[in-house]
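Here is the structure we will look at.
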Amino acid sequence: MGMKKEALLVSACLLGEKCRYDGGGQYCAGAVRLGERYELVPVCPEVLGGLSTPRPPSEILGERVITIDGRDVTAQFRLGAERSLEAARKAGAVKALLKSGSPSCGRGLVHDGLFSGKLVPGSGVTAALFEKNGIAVYTELDLAPLER
């Protein structure tokens, strides 16, 4: 019997799922290829948090997440992060491959909260919660550590 593959939580949009704010996916061949090595567990924290697809773009401003039209969606982002963490725990995942730049999934850099297109240091709501709970977060810009 083959060994069970290690679980890897993945932003569903990277697997081509049309769950992004603009109604599209962000298909990443490298993410899909990791399915040979890992048991992929797709999640979209924003959808899990109850937001619709498509939805107004959101950015992190201070401690809040605000849509471009000024709505506070912090509660939905936090709920989605908690539900994504639950999914990771249920699958036994200790690593996650998340979408860079996203207010949920970005790691290390996120949009500035002013919808200017600028990136600033910081992590998305889900990425930050994962790291706080010992789940290593990678993005599609840095697949190498997951490939070895």
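Which one of these does residue 13 not meet: (1) in contact with a helix residue (DSSP H, G or I) (Cβ under 7 Å, 6 or more places away or on another chain); (2) surrounded by 22 or more Cβ atoms within 10 Å (Cβ to Cβ); (3) more than 19 Å from residue 122 (Cα to Cα)?
Single failed check for residue 13: (1).
When you scan the stretch 16-34, do you find a residue that is part of a strand (DSSP E or B), modelled with pLDDT of 95 or more, in contact with an Asp or Glu (Cβ under 9 Å, 6 or more places away or on another chain) and within 27 Å of residue 144 (Cβ to Cβ), even just one? Working first, answer last.
First pass over the stretch 16-34, keeping only residues part of a strand (DSSP E or B): none.
Checked the stretch 16-34: no residue is part of a strand (DSSP E or B), modelled with pLDDT of 95 or more, in contact with an Asp or Glu (Cβ under 9 Å, 6 or more places away or on another chain) and within 27 Å of residue 144 (Cβ to Cβ).
Mind counting the residues in the stretch 102-123 that are polar (S, T, N, Q), over 17 Å from residue 138 (Cα atoms) and in contact with a Pro (Cβ under 9 Å, 6 or more places away or on another chain)?
Looking only at the stretch 102-123, we keep the residues that are polar (S, T, N, Q), and these are 102, 104, 116, 123.
Filter again for over 17 Å from residue 138 (Cα atoms), leaving 116.
Now narrow it down to the ones that are in contact with a Pro (Cβ under 9 Å, 6 or more places away or on another chain): none.
So the count comes out to 0.
Any residue at all in the stretch 1-15 that's hydrophobic (A, V, I, L, M, F, W, C), modelled with pLDDT under 95 and over 18 Å from residue 106 (Cβ atoms)? Walk me through how you get there before you give the answer.
First, pick out the residues of the stretch 1-15 that are hydrophobic (A, V, I, L, M, F, W, C): 1, 3, 7-10, 12-15.
Cutting the leftovers down to modelled with pLDDT under 95 gives us 1, 3.
Next cut, over 18 Å from residue 106 (Cβ atoms) only: 1, 3.
Within the stretch 1-15, one or more residues are hydrophobic (A, V, I, L, M, F, W, C), modelled with pLDDT under 95 and over 18 Å from residue 106 (Cβ atoms).
The values are calculated or read from the model by the stated rules, or taken from the named source; none is laboratory data. Worth saying up front: this structure is predicted, and the values here are computed from it rather than measured. As a convention, Cβ positions derive from the backbone with ideal geometry for all residues, glycine included, and neighbour counts pool all protein chains shown.
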